[in-house]
Amino acid sequence: MGFKATPAVAISMLALATMRAHADATIDTIDRYVTFSGFGTLGVVHSDYGEADFIANVIQPRGVGFSRWSAAPDSDLGGQAKFTFTDALSGVIQVLSRDDSNGEFKPSVEWANLQYQITSDLKVRVGRMILPTYQYSDTQNVGYSLPWVRIPIEIAYTDAGLHSDGLDVLYRVKTGSVTQNLQLQWGRTQVDLPGVEYTSTPAAVVVFSDTLQYSDASLRLVYQNYSSSGLPRVRLQVSGAGLTYDPGAWFVMADSNYSQDKYFGDLFAWYVSGGVRLGRFAPYAIYSTTHAQSVGTSGLKSLGNDHTVTAGVRWDFAKNFDTKLQLQQVIVDSLDDPATFADVRPGARVGDKAHILSLTLDFVF
């Protein structure tokens, strides 16, 4: 028996086809104006040192101690939406969930800004932007973008500011074979450190950075100035310089920060790293350190002092996936809040050595 299309069935089929066409058109429209992406890291860390907790970020109140494994230091999950309104106007929102100053994995907004491309070399952003404090600042939470498990914490210890809410101007200058990327940023920032209440007072921040690119080499210079009327008053200046040479088969890089603060004193932090790429494997090494240059009104004579020797390997085993294995030896040079540790116990001694083993799985989508 053949199928007979009654008027009701025909109308229903026409309506269904129309709805599907509208749905396809809506999806095409969304794809044209909005793109979604994400990233994450699943990590575990072990420490053999029982007199303090190893942390991966200066804002973390807890870490991993003797005979303990923890996923808190490195694990995170982030999502990003990019909006394209016109050829010149776009926007971005990025939400990140990772261990914060309260020891929780609550989502927070890391990026939220509108960008207007005035010319091919000049653009302006308004909203929330990551501060360009050191190399990999923009992608510091995207483990897949890093050659190591994490940015050396010593370089991040000198400046705990993460992002600013305000205005950002970026200008590209080409002079022969040299390209300069200039950045000027004004805004307000807030640092939320565990147990330090005054950092909840927003600080005004002005940033200038210049990145010079020549072939496979780049030089990065940055200056940041913070001021706040909180108690105690914040008057912090951070100057930084970094150098990278990456011809592809291998890489070498170095970065440094010098911070000046009346309350905490002056701190100098730096690291140097190198690695080779052997197919899907990339072994690497890092030396990093923080050293107090002067004493501030806090009275902490050797704030943050420690140094670390690191060796590891990255394996890109599949598209958009990598796994890293990293071993660190951290030497405690101070009991006044060493950069790599939190919750320092009475049994800790200057010269103590901690061995940290980290394993991570990074992915982007």
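In table form, for the structure just shown:
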{"item": "Every residue from the stretch 207-232 that is over 16 Å from SER259 (Cβ atoms) and either among the basic types (Lys, Arg) or at pLDDT 70 or above (or both)", "result": "ASP210, THR211, LEU212, GLN213, TYR214, SER215, ASP216, ALA217, SER218, LEU219, ARG220, SER229"}
{"item": "Pair list, Cβ < 7 Å and 6+ apart or interchain, from the stretch 332-357 residues that are without any contact (Cβ under 8 Å) to a residue 24 or more places away in the chain and within 19 Å of ALA292 (Cα to Cα) to residues that are of a type in the set (Asp, Glu) and surrounded by fewer than 19 Cβ atoms within 10 Å (Cβ to Cβ)", "result": "none"}
{"item": "Strands (runs of 3 or more DSSP E) wholly inside the stretch 81-140 containing at least 1 residues that are modelled with pLDDT under 95 and under 27 Å from LEU221 (Cα atoms)", "result": "107-117, 122-130"}
{"item": "Matching residues in the stretch 58-81 - criterion: being surrounded by 23 or more Cβ atoms within 10 Å (Cβ to Cβ) and within 14 Å of the chain's Cα centre (by Cα)", "result": "PRO73, ASP74"}
{"item": "Selection from the stretch 55-80 of residues that are in a strand (DSSP E or B) and within 16 Å of VAL149 (Cβ to Cβ)", "result": "VAL64, TRP69, SER70, ASP76"}
{"item": "Residues of the stretch 316-354 that turn out to be exposed (fewer than 15 other Cβ atoms within 10 Å of the Cβ), touching a Phe, Trp or Tyr at 6+ places or on another chain (Cβ under 7 Å) and either of a type in the set (Phe, Trp, Tyr) or part of a strand (DSSP E or B) (or both), as a count", "result": "1"}
{"item": "Test: residue in the stretch 92-104 that is touching a residue at least 24 places away in the same chain (Cβ under 8 Å), polar (S, T, N, Q), surrounded by fewer than 22 Cβ atoms within 10 Å (Cβ to Cβ) and in contact with an Asp or Glu (Cβ under 7 Å, 6 or more places away or on another chain)", "result": "yes"}
{"item": "Residues of the stretch 256-311 classified as in contact with a strand residue (DSSP E or B) (Cβ under 8 Å, 6 or more places away or on another chain), free of Cβ contacts under 8 Å to residues at least 40 places away in the same chain and part of a strand (DSSP E or B), total", "result": "13"}
{"item": "Qualifying residues in the stretch 293-317 (those that are at pLDDT 95 or above and in contact with a Lys or Arg (Cβ under 9 Å, 6 or more places away or on another chain)) - the one nearest to ALA348 (Cα to Cα)", "result": "GLY312"}
{"item": "Some residue of the stretch 128-143 being more than 20 Å from GLY79 (Cα to Cα), in contact with a strand residue (DSSP E or B) (Cβ under 6 Å, 6 or more places away or on another chain) and among the charged types (D, E, K, R)", "result": "no"}
{"item": "Any hit, the stretch 270-289, residues being at pLDDT below 95 and out of contact with any Ser or Thr (no Cβ under 7 Å at 6 or more places or on another chain)", "result": "no"}
{"item": "Output for the stretch 150-206, where each listed residue is outside any strand (DSSP E or B), more than 22 Å from ALA254 (Cβ to Cβ), of a type in the set (Ser, Thr, Tyr) and at pLDDT below 95", "result": "TYR198, THR199, SER200, THR201"}
{"item": "Any hit, the stretch 63-78, residues being over 24 Å from THR308 (Cα atoms) and in contact (Cβ under 8 Å) with a residue 12 or more places away in the chain", "result": "yes"}
{"item": "Residue among VAL252, VAL272, VAL309, VAL295 that is within 11 Å of ILE155 (Cα to Cα), surrounded by fewer than 20 Cβ atoms within 10 Å (Cβ to Cβ) and either in contact with a helix residue (DSSP H, G or I) (Cβ under 6 Å, 6 or more places away or on another chain) or β-branched (Val, Ile, Thr) (or both)", "result": "VAL272"}
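The values are calculated or read from the model by the stated rules, or taken from the named source; none is laboratory data. As the structure is a computational prediction, the values presented were derived from the model and not from experiment. Don't worry about glycine lacking a Cβ; one is built from the backbone with ideal geometry, like all the others, and counts go over all protein chains shown.
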